[in-house]
Amino acid sequence: MSAKRMPLSLVVLALSLTLLWATAGCEREGKKAQVVTPRATVVTLGEITARRVENVLNQVGTISSPKMVTIRSEIAAPVEEILFQEGAEVKRGKLLVKLDAAKVRADMRNLQQRINQLKIRLAHQKRNLERNKPLVKDKLVSQMKYDDLETEIALAKAALAQAQADMARQKEMLADTEIRAPFDGVVGSKNLSVGDYLKAGEPVVKVVSLNPLEMEFSVPERFKAGVFQGQEVRIFTVAYPGRKFTGKVSFISPVVDSHNRSFKVKAMVDNDPHLLNPGMFGRLKVTVDVRENAMCAPWASIIQTEKETYIYLVEDGKAKKVPVSLGHIENHWAEIVHPPLKAGSKVILEGKFMVKDGGQVRQAEAKDQGETAGGQAGK
């Protein structure tokens, strides 16, 4: 059959198929163009900044006094006089209590008499020995008698030495009847009265030094390199809310406790106004590490999931997902330990949940702020 004689219906069908093919091709081209030029996500941006980062160790402890002693009686004697007021400040050497020394003085008088007698006897025996020395050479006195004279002198010397030692002990006991403050401090409560009989070793009064005071605390071994002698510490107590007391590290234990992997540290605390007291509970802060120019990101840019922590940097108008390791964290920013970042790098704040790695982004203008915030809240 020739083309000239082709039925009209076939011609119409061919034209319709051609038209459908052309229309489908145009639709495919339009979709392809839409994928190539996606719409950029509107975001707000922040910056990576360089900061001085301090690692501050927060610990607790009890305030104590490095000089706190309960004075005890060295001898047995009655209380003769009490010369201190409860809670009063005293200086070193201040007389606090006098004990009755009558018996001690009587014993000293008896000892002095014995010493005098022994000295007289020894002097006589020495003269007698000198007189007999030439007689021994002439054999007018036996050697045995002469040796006995020397023995008597030796015994007299020993008795005199013992008496003199007893006298020294009595003098010490006499000094012990006067109980004095061993250092500058504050005396405690008065728990005795005049006439009370004190036995040797019985407590008399407590004396406490209030300046400086001391605070002991534990430091985990991982911070060992950050603690050193003379390091400043800050101490806070519930008794004085908001007030800071300053101290310095005075002792670092040379041994790490193998059970809790920490070591003991002591800090001396200046307490010149005597506001603090031994036994108080305190919170202590000490800076154990300082990093100058640490790279930090705004906290609003941090995304944390169960599997990873990351941020979105903006480079050439595109979002770049960067997994990060965080260090020190404050209220509004976080230290980026890894990877190394540059100060001034742009990070996405609002809109970070709407972008994808490699996706186009543009910074929000004033008219876009509400839209971006709304999208962020919706996420």
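The values are calculated or read from the model by the stated rules, or taken from the named source; none is laboratory data. No experiment lies behind these values; they were computed from the predicted model shown. So basically every Cβ, Gly included, is an ideal-geometry build from the backbone, and we count neighbours across all protein chains shown.
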**OP:** State all residues of region 231-264 that are closer than 16 Å to Ile63 by Cβ and aliphatic (A, V, I, L, M); if no residue qualifies, say none.
**Re:** Val233, Ile235, Val238, Ala239, Val249
Subject >> Unmet requirement for Glu306, which otherwise passes all of (1) closer than 23 Å to Ala40 by Cα; (2) free of Cβ contacts under 8 Å to residues at least 12 places away in the same chain >> reply: (1)
**OP:** Identify, from the list Ile82, Ile71, the residue that is surrounded by 16 or more Cβ atoms within 10 Å (Cβ to Cβ), within 30 Å of Gly279 (Cβ to Cβ) and not assigned by TED's automatic domain parsing to the domain that holds Tyr197.
**Re:** Ile71
**OP:** Could you tell me whether Val186 is under 30 Å from Lys285 (Cβ atoms), aliphatic (A, V, I, L, M), touching a residue at least 40 places away in the same chain (Cβ under 8 Å) and not in a loop (DSSP other than H, G, I, E, B)?
**Re:** yes
Original post:
Failed condition for Trp333, given (1) over 33 Å from the mean Cα position of the chain (by Cα); (2) buried (at least 19 other Cβ atoms within 10 Å of the Cβ); (3) within 16 Å of Arg51 (Cβ to Cβ), with all others met?
Top reply: (1)
Original post:
Can you tell me which residues in region 248-283 are in contact with a Pro (Cβ under 8 Å, 6 or more places away or on another chain) and within 12 Å of Met215 (Cβ to Cβ)?
Top reply: Met268, Val269, Asp270, Asn271
**OP:** Would you be able to tell me the number of residues in region 56-76 that are part of a strand (DSSP E or B) and touching a Pro at 6+ places or on another chain (Cβ under 9 Å)?
**Re:** 9
Subject >> Residue check, Arg127 loosely packed, with under 12 Cβ neighbours inside 10 Å and of a type outside the set (Gly, Ala, Ser) >> reply: yes
Original post:
Within region 291-307, can one find any residue that is closer than 30 Å to Val238 by Cα and either in contact with a Lys or Arg (Cβ under 8 Å, 6 or more places away or on another chain) or not assigned by TED's automatic domain parsing to the domain that holds Leu349 (or both)?
Top reply: no
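Yes or no, residue by residue, for (1) farther than 22 Å from Ser65 by Cα; (2) at pLDDT below 95:
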site	(1), (2)
Ser189	no, yes
Leu192	yes, yes
Val208	no, no
Phe217	no, yes
Pro220	yes, yes
Lys224	yes, yes
Ala239	no, yes
Asn260	yes, yes
Asp270	no, yes
Original post:
Name the residues in region 79-117 that are outside any helix (DSSP H, G or I), closer than 18 Å to Met173 by Cβ and of a type in the set (A, V, I, L, M, F, W, C), would you?
Top reply: Val79, Leu95, Leu96, Val97, Leu99, Ala101
Original post:
So which residues in region 190-212 are part of a strand (DSSP E or B) and buried (at least 20 other Cβ atoms within 10 Å of the Cβ), if there are any at all?
Top reply: Leu198, Val204, Val205, Val207
Subject >> Which numbered condition Thr62 misses (of (1) outside the structural domain of Leu198 (by TED's automatic domain parsing); (2) surrounded by fewer than 13 Cβ atoms within 10 Å (Cβ to Cβ)) >> reply: (2)
Original post:
Within region 31-42, is even one residue at pLDDT 55 or above, surrounded by 10 or more Cβ atoms within 10 Å (Cβ to Cβ), of a type in the set (Lys, Arg) and assigned to a loop (DSSP other than H, G, I, E, B)?
Top reply: no
**OP:** State yes or no: is Leu326 outside the structural domain of Gly61 (by TED's automatic domain parsing), out of contact with any helix residue (DSSP H, G or I) (no Cβ under 7 Å at 6 or more places or on another chain) and over 30 Å from Gln59 (Cβ atoms)?
**Re:** no
